[in-house]
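The values are calculated or read from the model by the stated rules, or taken from the named source; none is laboratory data. The structure displayed is predicted, hence computed values, not measured ones. Positions of Cβ are backbone-derived with ideal geometry, glycine not excepted, and every protein chain shown enters the neighbour counts.
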């Protein structure tokens with residue numbers, strides 16, 4: 001018989017929720033100590049449930065549950081801090097972060113560094129910070145945490161340092177190779193863009209454009225053919241002047 005573990009007041013966030021049976025919900029939550037966890041929240045859709053209004057995305061929570069098998073059972077929830085107020089592009093960007101975590105993290109695999117990066121990114125979105133650098137840095141951290149980190153500061157085969165003034169053909173599963181001028185099929189990036197992404201210094205327009213192009217290609221490699229719903233939702237509701245969360 002599988003033993004039941006009782007987790008008490010672990011800091012975490014709700015990533016996704018969907019109805020379950022008549023009055024319950026299935027939750028995907030992200031915690032620093034336990035990683036992504038699947039929980040059954042029994043009775044929370046009942047009008048009398050006090051937990052109903054607390055289980056919202058982007059709100060810092062303290063979660064308690066009984067863990068047994070693939071899905072745990074939520075036993076208590078407390079609000080850990082004031083809710084993060086997000087609107088417009090920042091809101092869609094936050095949903096994008098959540099969808100990446102649900103799609104790419106395996107359950108019950110702790111990533112405390114990524115959890116902290118997620119928290120900081122949400123705070124940046126709440127403060128109205130420049131969205132694209134926040135997303136690129138989070139994406140880079142996510143790939144690093146799940147074992148697919150990008151090599152950015154040296155050549156893949158030779159180990160030679162990347163030079164800011166040179167151009168590189170980036171191979172997603174290995175890293176940069178010094179570009180050959182005749183190779184028109186190369187996935188080309190300037191060395192200065194790769195080094196800026198490595199340092200997290202994403203202020204230049206060209207650097208941001210290159211970082212977005214590289215990160216999108218890298219993520220698509222591991223996301224597979226199924227499109228992200230957050231991208232589709234943003235595309236259906238945004239105007240042409242907005243910057244999509246990708």
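Values as computed for the structure displayed
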item	result
Residue in the range 106-116 that is within 11 Å of the chain's Cα centre (by Cα), crowded, with 17+ Cβ neighbours inside 10 Å and either in a strand (DSSP E or B) or at pLDDT 95 or above (or both) present	yes
Criterion (assigned by TED's automatic domain parsing to the domain that holds residue 123 and in contact (Cβ under 8 Å) with a residue 40 or more places away in the chain) met by exactly one of 96, 13	96
Residue tally, condition assigned to a strand (DSSP E or B), surrounded by 19 or more Cβ atoms within 10 Å (Cβ to Cβ) and touching a strand residue (DSSP E or B) at 6+ places or on another chain (Cβ under 6 Å), over the range 29-44	7
Count of residues meeting criterion [touching a helix residue (DSSP H, G or I) at 6+ places or on another chain (Cβ under 7 Å) and not in a strand (DSSP E or B)] in the range 57-78	1
Residue in the range 79-87 that is in contact with a helix residue (DSSP H, G or I) (Cβ under 9 Å, 6 or more places away or on another chain), at pLDDT below 95, surrounded by 12 or more Cβ atoms within 10 Å (Cβ to Cβ) and closer than 30 Å to residue 227 by Cα present	yes
Hey, residue 47 surrounded by 15 or more Cβ atoms within 10 Å (Cβ to Cβ) and out of contact with any helix residue (DSSP H, G or I) (no Cβ under 6 Å at 6 or more places or on another chain) or not	no
Test result for residue 124, within 28 Å of residue 10 (Cα to Cα), surrounded by fewer than 21 Cβ atoms within 10 Å (Cβ to Cβ) and touching a helix residue (DSSP H, G or I) at 6+ places or on another chain (Cβ under 8 Å)	yes
